[in-house]
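J.: Can you read through this structure? Questions will come right after.
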Amino acid sequence: MEKLINPYIGLEGYNCFGCAPHNPIGLHMEFFEDGDDVVVEWQPNDNVQGWVDTLHGGVQATLADEICGWVISRKFQTAGVTSRMEVRYMKPVRISTGKVTLRAHMIEQKRNLVDIEAMIYDGAGEACTKVVCTFFIFPQEKAREQFHFCECLTEHEMEEKCNSKEK
């Protein structure tokens, strides 16, 4: 697995609830690429409970929406917006089991609409929630101009890019 570099770090006003590392009440998600999947390991705490020892369903939906957006950033090298989200809560995500794992990948593309599937696994590795998001993706030029998206690279790709500029 390779860590993805957040393309918005350093952008003035960037304070995403899902992935901004300095948002004081944010989720501080970090993303990794594992083949076709984007992966997150995230530690819930008691502040995100819906019921005792249970991760709030709205927080689960937010986590899934965020990782699906990163599939767009990484795999399509552009920005997009969620146009539809279907969440299937199969079993409670217990906070006491430790870090949850999210995995997401593209399942279908029709022109500028992309379906992405995300799964949430509890700390014991059991599948708890399945989400399918449909994203409307923007042309890369529009993503650059209106959403300040440049590119979503792995740490290794960023090193190579920096090394090639030094030569």
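J.: Using the Kirkwood radius built from alpha carbon pairs, what does the Stokes-Einstein equation give as D for the chain at 37 °C and 0.692 mPa s, in µm² per second?
T.: Working: Rh = 16.5 Å.
Result for D is 199 µm²/s.
J.: Under a cut-off of 13 Å between alpha-carbon atoms, report the aspartates and glutamates in cross-link reach of LYS165, not counting same-chain residues fewer than 8 places apart.
T.: Straight-line reach from LYS165, under 13 Å: GLU157.
J.: What is the distance in Å between the Cα centroid of region 62-133 and that of region 150-164?
T.: One Cα centre to the other: 25 Å.
J.: In Å, what is the Rg of the alpha-carbon atoms in region 61-133, and how long is Dmax?
T.: 12.7, 42
J.: Same structure, new question: Please compute the length gained on full extension between CYS162 and HIS22, using 0.36 nm multiplied by the number of residues separating them and subtracting their Cα-Cα distance.
T.: Details: separation 140, 0.36 × 140 = 50.40 nm, distance 2.50 nm.
47.9 nm is the gain from fully extending CYS162 to HIS22.
J.: Charges only on Cβ, +1 for Lys and Arg, -1 for Asp and Glu: so what's the dipole of region 1-139 about the Cα centre, in debye to the nearest 20? Before the final figure, lay out the partial values.
T.: Working: 12 positive and 18 negative charges, 62 e Å.
Taking the Cα centre of region 1-139 as origin, the dipole is about 300 debye.
J.: Another question, if that's okay. What distance in nm separates the simple spin-label points at GLN109 and ASN47, each placed 7 Å from Cα in the Cβ direction?
T.: 3.7 nm
J.: Okay, moving on. Pulled fully out, how much extra length does the chain show between ARG144 and ASP34, if you take 0.36 nm times their separation in residues and subtract their Cα-Cα distance? Can you show the working numbers first?
T.: Numbers: separation 110, 0.36 × 110 = 39.60 nm, distance 2.56 nm.
Using 0.36 nm per residue and subtracting the Cα-Cα distance, I get 37.0 nm.
J.: Now a separate question. So if I place +1 on the C-beta of Lys and Arg and -1 on the C-beta of Asp and Glu, and nothing else carries charge, what would the dipole magnitude of region 41-107 be about its Cα centre? I want it in debye, nearest 20. Intermediate values should be presented prior to the final figure.
T.: Working: 8 positive and 6 negative charges, 57 e Å.
Dipole of region 41-107, to the nearest 20 debye: 280 debye.
J.: Counting alpha carbon pairs within less than 8 Å and at least 6 residues apart, what relative contact order, in whole percent, applies to the chain?
T.: Numbers: 344 pairs, mean separation 40.4, N = 167.
Relative contact order of the chain: 24 percent.
J.: Which order do the peptides 117-127, 151-161, 63-73 come out in when sorted by mean C-beta neighbours inside 10 angstrom, highest first?
T.: Working: 117-127: 17.5, 151-161: 14.7, 63-73: 24.6.
The densest-packed peptide leads the list: 63-73, 117-127, 151-161.
J.: Can you compute the charge dipole magnitude of region 22-80 about its Cα centre, using +1 on each Lys and Arg Cβ and -1 on each Asp and Glu Cβ, nothing else charged? Give it in debye, rounded to the nearest 20. Write down the numbers at each step before the final one.
T.: Working: 2 positive and 10 negative charges, 48 e Å.
Magnitude of the dipole: close to 240 debye.
J.: Taking +1 at the Cβ of each Lys and Arg and -1 at the Cβ of each Asp and Glu, which of ALA104, ALA127, GLN140 sits farthest along the dipole of region 82-167 towards its positive end, judged by Cα position relative to the Cα centre?
T.: ALA127
J.: Here is a follow-up. Expected output is a single nm value to one decimal: the length gained when fully extending between LYS91 and ALA127, i.e. 0.36 nm times separation in residues minus the C-alpha distance. What is it? The partial results should precede the final answer.
T.: Numbers: separation 36, 0.36 × 36 = 12.96 nm, distance 0.79 nm.
Contour length minus Cα-Cα distance gives 12.2 nm.
Values quoted throughout were computed directly from the atomic coordinates according to the rules given, and no laboratory measurement underlies them. Since this is a predicted model, take the numbers as computed values, not measurements. Ideal geometry is used to build each Cβ from the backbone, glycine not excepted, and the neighbour counts take in all protein chains shown.
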